[in-house]
Amino acid sequence: MIAGIVRSLLSGSIVSGTPLLYATLAELLSERAGVVNLGLEGVMLVGAVVGFIATVHTGSAAVGLVAAGLAGGVFNLIFAFVVVRRRANQLAAGLTLMFCGVGLSALMGARYVGSQIAGLPELRVPILADLPIVGPALFAHDVLVYAAVPVAALTWWVLFRTRWGLFVRAVGENPVAAFAAGKNPHVVQYQVLFVAGVLGGIAGAHLSLAVARTWAEWMTAGRGFIAVALVIFSTWHPLRAVAGALLFGGAISLQLQLQALGVPLSPFLLDMLPYVLSLAVLAVWGGRARHAAPGSLGRVFQGTP
Amino acid sequence: MSAPPLLTLRGITKSFPGVLANDRVDLDVHGGEVHAVVGENGAGKSTLMKVLYGFYRPDAGEVRLEGKPIQLQTPHDARRYRIGMVFQEMIQVPALTVAENVALFLPDLPAVIDGPAIAARIRETSERYGLAVDPAAPVWQLSVGEQQRLEIVKLLLANARVLILDEPTRSLAPHEIDGLFQVFANLRRDGYAVVFIAHKLREVLACADRVTVMRRGVVAGSLTRAQATEAALVSLMFGAPMAEPASRATMAGRPAAAPILQLERVSVPAVGHGAGLAEIDLTIRPHEIVGVAGVAGNGQRELGDVILGLEPCRDGVKRLAGADATRWPVATMRASGVVFIPEDARSLAAVGGLTVLENMALGDTRKYARAGGFAIDWDAVRSDLDRSLERLGVSIPSASRPIGTLSGGNVQRVILARELARDPRLIVAFYPTRGLDVRSAIAAREQLLRARDAGAGVLLISEDLDELFALSERLVVLLRGRIVGSGVPAASGTRAGGGLSLEEVGYLMTGAERSARG
Amino acid sequence: MADASIVRDARLDTGRRLAAPLGRFAALLAIALALFAAILMLFGRNPLRAYADIFSSTLGSTYGFSETLVKMAPLILTALAAAVPARIWLINVGGEGQLFVGALCATWAAIHLAGLPSFLLLTIMAALGFLGGGLWAAIAGALRASGRVSETISTLLMNYVAILLVNFLVFGPWKDPEGVNYPQTVEFAAGAILPMLGGTRVHLGLVLALVATAVLAFMLARTRWGLEVRAIGGNAEAARRNGIPIERYVLVMMFIGGGLAGLAGMAEVSAIQGRLRPSLSPGYGYSGFLISWMAGGHPAGIVAAAFVLAVITAGGDILQMTQALPGSVVNILMAVVLFVVLGRQAGRR
């Protein structure tokens, strides 16, 4: 019984944490380049609905994933144009993107609400998946789950060991310096925002193709905002984001477990857990984390023009 | 030096709204030569350098490299022609390491960065030219001198052939300046061209092979090392012998009055990259100017903030006229006669979008409020402002315009008028003459002296050692949040009981070892 | 900033500002309408029919117009909820949550003090609504004032907590026992319903909203506190050095903003809904934030933008019925309008 709970909790944390991790990495890259995207929620929704529709029509979840990523990338470019080229206020533009994503995904997915699909197949790792408790919890997941931590590691490597990553960080810290070095900050930001859009789209696709295997309006339920909080929590470091995503995936999973166990606590109060936890974590750690923020982000969050 | 110049500028003209910064300027830059550009603030030196580096595009004129005309549209072009610039506000990324900052500017950086190789190249260049800097250190930890060395290394590794430096000595202590000039000598030996905007005439005399003097946007003259004497330079810069700077005129024979400010073992924790304060003991009396010397970033801002009440003291006691003011908020400190004259009135004391009159009212909103706060007595504000401006002997165009539309000098005057109108007991002045032209700087110093004569105590925080020596009764030196030396400013070489010479202050400011002296 | 001017001077960004604000807004609106029409056509709908439906149901009849006014009331209040803190550059995107908490507090009074005379009951409900929303926002304000959390994030997260709280109450302790399992509270007594105009649903809340707009404008321009607020907004560092207590103003401005959103919640639950339901707000809080940004915080602009959005929002209900479109499709129209408006701010950050 306990073993079953532990296994469910562990497995659930990983499954719930995966879209959070992709979304956090998307936002992390974006903010490393000095852009805050509150519209990540909308990007995820667009990815989720496009991935779902593509999978339904082609029968292939792989195609669905690719489509979701591309859709997310292109959708985020709208935001990129408004914010980078037109220098609009990032927070307002982000919220607008969110609205657009909510409405667009509702429109596109109207026909598909509630339909069930097989989605991403579960891939069992041959011997390891048969280990007691740990086996099914860790080694019987879809491809996106397995790829999540490697993608986080790749993000770290790109940011800290490649030339492009150096440009990205320079643009986010001090765009004037990057400009003086001959790099066009705008071009770098466009590139980053496209990549972030792809990751966000994939995060959404994981929700519709693996976690829920269906489509529902606004099915991200604020995960895009939790990701923004997670980026701060992980002090903009990709590897720490893994820990954060796991923790919050655990919170989401915990309340599902408690509901399943018939714990007589209102599901709504349990649903609050991830949000309250995000807030609590930020309240405790946030002050310190601010000094680790990429230099040009300060302006955005202080609301100064 | 009879070889043809490496770089020639002819007829460079550049104007901004309301000011003609460069007016048909000609300049020759030779390889293997140190070329100094001098002139008072606003003469157009900085603009000229930025044109040379491609940050500004000139309205007219041409630039030739080895005789062939070139187009400098952007800094990218300048770098292609191997022209490099070290900025006054350095274009560095504080959060990244020295090596990463250098890598950013390398023309041949591979897609995957080879950290150790870059570090090796940095060390090699450092040793060759005397530019000690640690590749692995994050830039925010570096001192001003080290940051400067990083900039030069960056340029050398980016294959610059011409190095332009904009007032490199402004924030350096005397012995660091010597070190920099040694670097120039090393660079000259290897054929580099060094162009720098000099801050003080004696620097020019110390190291320049050629001097160009600018005045109000035009080139007043260009002299070789042999021709450059102090008199010659001064006459080119001002067209006349310079006015005597305000002198201390000590208040001799005044009985020691009770202190107006006492800081006893005051400490403030360091925040982020700041310095914090540790066990500061400081006393300021009425009719006294106490100068604070030190390189910016060693606790000056924290000192001012803690006196004003912006920053709470973690330990220690602060007394204002004997009363325990340790926990007083800013409003109470101001109401008790403490005023603050910032280094940049426009950004730190004035609210640009509000009118001059509204800014005046902000000085003490409680005083001008009526009907419990629902209305403001603008007539009282007006008369107070007029009275104070008259006392200062200045006038401003209009009091109903947004203060942001006034010139920097006028904003400074309004803020000065506002603060002095409160008949302050204690004035905290930050770099009051930075960026001002000579006339305004002299006027500002005179204001401080007059306030001191009227009974105020003044804390003068400045990087300009000459200014500190000219105005202060007493001097303290701030390093990493501690007072590392204090005494009466003394002439060089003398050591009359507790005196501090210029050189000693320089060493204290940078924490270098004091050399033995008689 | 010298550095910024260097970047601009080197022509990294060549935005130009356009002229006459009102004509400009009309032009932008036209562009947005065209884009939305294109999207509708992409999905096989007739945009002209859709726009005609929207027009006739909102502006084409007295009742339709009154319905538009009904939607304007909460939009103006939630816009003010964002605009007031925005004066000192605080980003309050928590209007939605603050609205719900205000509605929640007002509901408590409506249920537990139902016996009181109407005038007293409504006053208490309004006061509690303001207080509830204000305190909810003040939490975020306190977190910001102490330097821990950006109010943008905290208010966003607290939106979800507030909505879940209302859900909890409405599905649980406050559920109407005769409600056949619908998630809603008991119907409010007649004394708890805000008076309305004529045969329409236009209620006192609209008056409150307009009065609040005027009062706030006066306070800002004429009083001592207004001067201090403008100083903080103009140059917070200078204001701080002049002794203005910034942290206190952060708390107060967030409280006032949240209170206004709370009032919107009280008005909605009292006049429009008559009971507390989870479907209380179709995103008024977020729309209000966007209205405030579109209008740049100007009172007249807020009223005008609220009007436009009220038409769009009312239109959404119609489109759901006549065009078989999901209700949230108007979010696209709203987003398109906003993108067009945001996109024209070239050169301004």
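Hey, does segment B:421-433 have a residue that's farther than 22 Å from B:PRO286 by Cβ and part of a helix (DSSP H, G or I)?
Step one: of segment B:421-433, the residues farther than 22 Å from B:PRO286 by Cβ are B:431, B:433.
Going one step further and asking which of them are part of a helix (DSSP H, G or I), we end up with none.
No, because not a single residue in segment B:421-433 is farther than 22 Å from B:PRO286 by Cβ and part of a helix (DSSP H, G or I).
Within segment A:142-149, can one find any residue that is without any contact (Cβ under 8 Å) to a residue 24 or more places away in the chain and exposed (fewer than 14 other Cβ atoms within 10 Å of the Cβ)?
Scanning segment A:142-149 turns up no residue that is without any contact (Cβ under 8 Å) to a residue 24 or more places away in the chain and exposed (fewer than 14 other Cβ atoms within 10 Å of the Cβ).
Out of segment C:273-309, which residues are of a type outside the set (Lys, Arg), in contact (Cβ under 8 Å) with a residue 40 or more places away in the chain and under 16 Å from C:VAL170 (Cβ atoms)?
Those that are of a type outside the set (Lys, Arg), in contact (Cβ under 8 Å) with a residue 40 or more places away in the chain and under 16 Å from C:VAL170 (Cβ atoms): C:GLY274, C:LEU276, C:PRO278, C:LEU280, C:SER281.
For segment C:67-75, state whether one or more residues are of a type in the set (Ser, Thr, Tyr) and either touching an Asp or Glu at 6+ places or on another chain (Cβ under 9 Å) or buried (at least 18 other Cβ atoms within 10 Å of the Cβ) (or both). Full working, then the answer.
Within segment C:67-75, the subset of a type in the set (Ser, Thr, Tyr) is C:68.
With the extra rule that they be either touching an Asp or Glu at 6+ places or on another chain (Cβ under 9 Å) or buried (at least 18 other Cβ atoms within 10 Å of the Cβ) (or both), the set shrinks to C:68.
Looking through segment C:67-75, at least one residue is of a type in the set (Ser, Thr, Tyr) and either touching an Asp or Glu at 6+ places or on another chain (Cβ under 9 Å) or buried (at least 18 other Cβ atoms within 10 Å of the Cβ) (or both).
Could you tell me which numbered condition A:GLN255 fails, if it satisfies all but one of (1) part of a helix (DSSP H, G or I); (2) modelled with pLDDT of 85 or more?
Unmet for A:GLN255, out of (1) part of a helix (DSSP H, G or I); (2) modelled with pLDDT of 85 or more: (2).
I need a count of the residues in segment A:255-289 that are surrounded by 13 or more Cβ atoms within 10 Å (Cβ to Cβ), in contact (Cβ under 8 Å) with a residue 24 or more places away in the chain and either touching a Lys or Arg at 6+ places or on another chain (Cβ under 8 Å) or more than 10 Å from chain C (Cβ to nearest Cβ) (or both).
Within segment A:255-289, residues that are surrounded by 13 or more Cβ atoms within 10 Å (Cβ to Cβ), in contact (Cβ under 8 Å) with a residue 24 or more places away in the chain and either touching a Lys or Arg at 6+ places or on another chain (Cβ under 8 Å) or more than 10 Å from chain C (Cβ to nearest Cβ) (or both) number 4.
Hey, does segment C:255-269 have a residue that's over 30 Å from B:VAL338 (Cβ atoms) and touching a His at 6+ places or on another chain (Cβ under 9 Å)? So that I can check it myself, show each step before the final result.
Filtering segment C:255-269 for residues over 30 Å from B:VAL338 (Cβ atoms) gives C:255-269.
Retained after the next criterion (residues that are touching a His at 6+ places or on another chain (Cβ under 9 Å)): C:267.
Within segment C:255-269, one or more residues are over 30 Å from B:VAL338 (Cβ atoms) and touching a His at 6+ places or on another chain (Cβ under 9 Å).
Would you check if B:ASN298 is crowded, with 22+ Cβ neighbours inside 10 Å, part of a loop (DSSP other than H, G, I, E, B) and in contact (Cβ under 8 Å) with a residue 24 or more places away in the chain?
Working: crowded, with 22+ Cβ neighbours inside 10 Å: yes; part of a loop (DSSP other than H, G, I, E, B): yes; in contact (Cβ under 8 Å) with a residue 24 or more places away in the chain: yes.
It is true that B:ASN298 is crowded, with 22+ Cβ neighbours inside 10 Å, part of a loop (DSSP other than H, G, I, E, B) and in contact (Cβ under 8 Å) with a residue 24 or more places away in the chain.
Could you figure out which of (1) more than 30 Å from A:GLU173 (Cα to Cα); (2) more than 8 Å from chain C (Cβ to nearest Cβ) isn't true of A:LEU70?
Against the list (1) more than 30 Å from A:GLU173 (Cα to Cα); (2) more than 8 Å from chain C (Cβ to nearest Cβ), A:LEU70 comes up short only on (1).
Taking segment B:54-86, which residues are within 16 Å of B:LEU163 (Cβ to Cβ), facing chain A (nearest Cβ under 9 Å) and touching a Lys or Arg at 6+ places or on another chain (Cβ under 9 Å)?
Passing the criteria: only B:MET85.
Looking only at segment B:326-354, how many residues end up being within 15 Å of B:GLY309 (Cβ to Cβ), aliphatic (A, V, I, L, M) and within 7 Å of chain C (Cβ to nearest Cβ)?
Number of matching residues: 2.
Just give me the residues in segment A:101-130 being farther than 22 Å from A:SER253 by Cα, free of Cβ contacts under 8 Å to residues at least 24 places away in the same chain and away from every other protein chain (no Cβ under 14 Å), in sequence order.
Across segment A:101-130, the qualifying residues are A:VAL125, A:PRO126, A:ILE127, A:LEU128, A:ASP130.
Rundown of residues vs (1) at pLDDT 85 or above; (2) closer than 30 Å to C:ALA126 by Cβ, yes/no style:
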{"position": "C:PHE25", "(1), (2)": "no, no"}
{"position": "C:GLY44", "(1), (2)": "no, no"}
{"position": "C:SER56", "(1), (2)": "no, no"}
{"position": "C:THR62", "(1), (2)": "no, yes"}
{"position": "C:ALA79", "(1), (2)": "yes, yes"}
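Taking segment B:371-408, which residues are away from chain C (no Cβ under 14 Å), surrounded by fewer than 19 Cβ atoms within 10 Å (Cβ to Cβ) and within 23 Å of B:LEU449 (Cβ to Cβ)?
Passing the criteria: B:ARG387, B:GLU390, B:ARG391, B:LEU392, B:GLY393, B:VAL394, B:SER395, B:ILE396.
Would you confirm whether or not segment C:241-250 contains a residue that is in a loop (DSSP other than H, G, I, E, B), of a type outside the set (A, V, I, L, M) and away from every other protein chain (no Cβ under 14 Å)? Break it down into steps so the answer makes sense when it comes.
The initial filter retains those residues of segment C:241-250 that are in a loop (DSSP other than H, G, I, E, B), namely C:242-245.
Okay, now just the ones that are also of a type outside the set (A, V, I, L, M), so C:242-243, C:245.
The next check asks that each one be away from every other protein chain (no Cβ under 14 Å); those that pass are none.
No, there is no match, as no residue in segment C:241-250 is in a loop (DSSP other than H, G, I, E, B), of a type outside the set (A, V, I, L, M) and away from every other protein chain (no Cβ under 14 Å).
Which condition breaks for A:ALA62 when tested against (1) touching a helix residue (DSSP H, G or I) at 6+ places or on another chain (Cβ under 8 Å); (2) away from every other protein chain (no Cβ under 14 Å)?
If we test A:ALA62 against (1) touching a helix residue (DSSP H, G or I) at 6+ places or on another chain (Cβ under 8 Å); (2) away from every other protein chain (no Cβ under 14 Å), just (1) comes out false.
Scan B:ARG401, B:ARG370 and give me the residue that is assigned by TED's automatic domain parsing to the domain that holds B:THR433, in contact (Cβ under 8 Å) with a residue 12 or more places away in the chain and touching a strand residue (DSSP E or B) at 6+ places or on another chain (Cβ under 9 Å). Before you say what the answer is, go through the steps one by one.
Numbers: B:ARG370 fails: in contact (Cβ under 8 Å) with a residue 12 or more places away in the chain.
Just a single option satisfies the conditions, and that option is B:ARG401.
All but one of (1) surrounded by 15 or more Cβ atoms within 10 Å (Cβ to Cβ); (2) outside the structural domain of B:ARG202 (by TED's automatic domain parsing); (3) in contact (Cβ under 8 Å) with a residue 24 or more places away in the chain hold for B:PRO107; which doesn't?
The one condition B:PRO107 does not meet is (1).
Name the residue, out of C:GLY296, C:GLY301, that is surrounded by fewer than 22 Cβ atoms within 10 Å (Cβ to Cβ), within 14 Å of chain A (Cβ to nearest Cβ) and either out of contact with any strand residue (DSSP E or B) (no Cβ under 6 Å at 6 or more places or on another chain) or farther than 21 Å from C:PHE65 by Cβ (or both). Outline the logic, then answer.
Values: C:GLY301 fails: within 14 Å of chain A (Cβ to nearest Cβ).
After ruling out the rest, the residue left standing is C:GLY296.
Can you work out which of the residues in segment B:305-325 that are on the phi > 0 side of the Ramachandran plot and surrounded by fewer than 18 Cβ atoms within 10 Å (Cβ to Cβ) is nearest to the other protein chains (Cβ to nearest Cβ)? Give the derivation first.
At the first step, the residues of segment B:305-325 found to be on the phi > 0 side of the Ramachandran plot are B:309, B:316, B:321-322.
Filter once more, so that each one left must be surrounded by fewer than 18 Cβ atoms within 10 Å (Cβ to Cβ): B:321-322.
Numbers: B:ALA321: 18, B:GLY322: 22 Å.
Out of the qualifying residues, it is B:ALA321.
What is the residue count in segment C:85-132 for residues that are surrounded by 21 or more Cβ atoms within 10 Å (Cβ to Cβ), farther than 20 Å from C:MET158 by Cβ and of a type in the set (Phe, Trp, Tyr)?
Residues meeting the conditions: 0.
Looking for something farther than 19 Å from A:THR96 by Cα and outside any helix (DSSP H, G or I) - is there at least one such residue anywhere in segment C:91-104? Even if it seems obvious, please write down each step before you answer.
The initial filter retains those residues of segment C:91-104 that are farther than 19 Å from A:THR96 by Cα, namely C:98-104.
Checking which are outside any helix (DSSP H, G or I) leaves us with none.
Within segment C:91-104, not a single residue is farther than 19 Å from A:THR96 by Cα and outside any helix (DSSP H, G or I).
Restricted to segment C:320-342, and to residues that are farther than 15 Å from A:LEU104 by Cβ and crowded, with 20+ Cβ neighbours inside 10 Å, which residue is nearest to the other protein chains (Cβ to nearest Cβ)?
So the first thing to find is which residues in segment C:320-342 are farther than 15 Å from A:LEU104 by Cβ, and the list is C:320-324, C:340-342.
Keeping just the survivors that are crowded, with 20+ Cβ neighbours inside 10 Å gives C:340-342.
Details: C:VAL340: 9, C:VAL341: 9, C:LEU342: 4 Å.
Ranking the qualifying residues of segment C:320-342, first place goes to C:LEU342.
Given the residues B:ALA137, B:ALA158, which is the only one that is of a type outside the set (Phe, Trp, Tyr), within 22 Å of A:ASN174 (Cβ to Cβ) and in contact with a Leu (Cβ under 7 Å, 6 or more places away or on another chain)? Walk me through how you get there before you give the answer.
Details: B:ALA137 fails: in contact with a Leu (Cβ under 7 Å, 6 or more places away or on another chain).
It is B:ALA158.
Out of B:LEU357, B:LEU362, I need the residue that is over 29 Å from the mean Cα position of the chain (by Cα), closer than 27 Å to B:GLY309 by Cα and within 14 Å of chain C (Cβ to nearest Cβ). Which one? Full working, then the answer.
Details: B:LEU362 fails: over 29 Å from the mean Cα position of the chain (by Cα).
Unique residue meeting the criteria: B:LEU357.
Within segment A:192-218, can you find the residues that are within 14 Å of chain C (Cβ to nearest Cβ) and within 19 Å of A:ASN37 (Cα to Cα)?
Step one: list which residues in segment A:192-218 are within 14 Å of chain C (Cβ to nearest Cβ), which gives A:215-218.
The answer is A:TRP218, and nothing else.
Could you check B:THR326 against (1) out of contact with any helix residue (DSSP H, G or I) (no Cβ under 7 Å at 6 or more places or on another chain); (2) in a helix (DSSP H, G or I) and say which number it fails?
Every condition holds for B:THR326 apart from (2).
Go through segment B:111-169 and report how many residues are touching a His at 6+ places or on another chain (Cβ under 6 Å) and of a type in the set (D, E, K, R).
Taking segment B:111-169 and keeping what is touching a His at 6+ places or on another chain (Cβ under 6 Å), we get B:140, B:167, B:169.
In the following step, the residues that additionally are of a type in the set (D, E, K, R) were identified as B:167.
Total satisfying the criteria: 1.
The values are calculated or read from the model by the stated rules, or taken from the named source; none is laboratory data. Please read all numbers here as calculations on a predicted model, not as lab measurements. Using ideal geometry, Cβ is built from the backbone for each residue, glycine included, and neighbour counts are taken over all protein chains shown.
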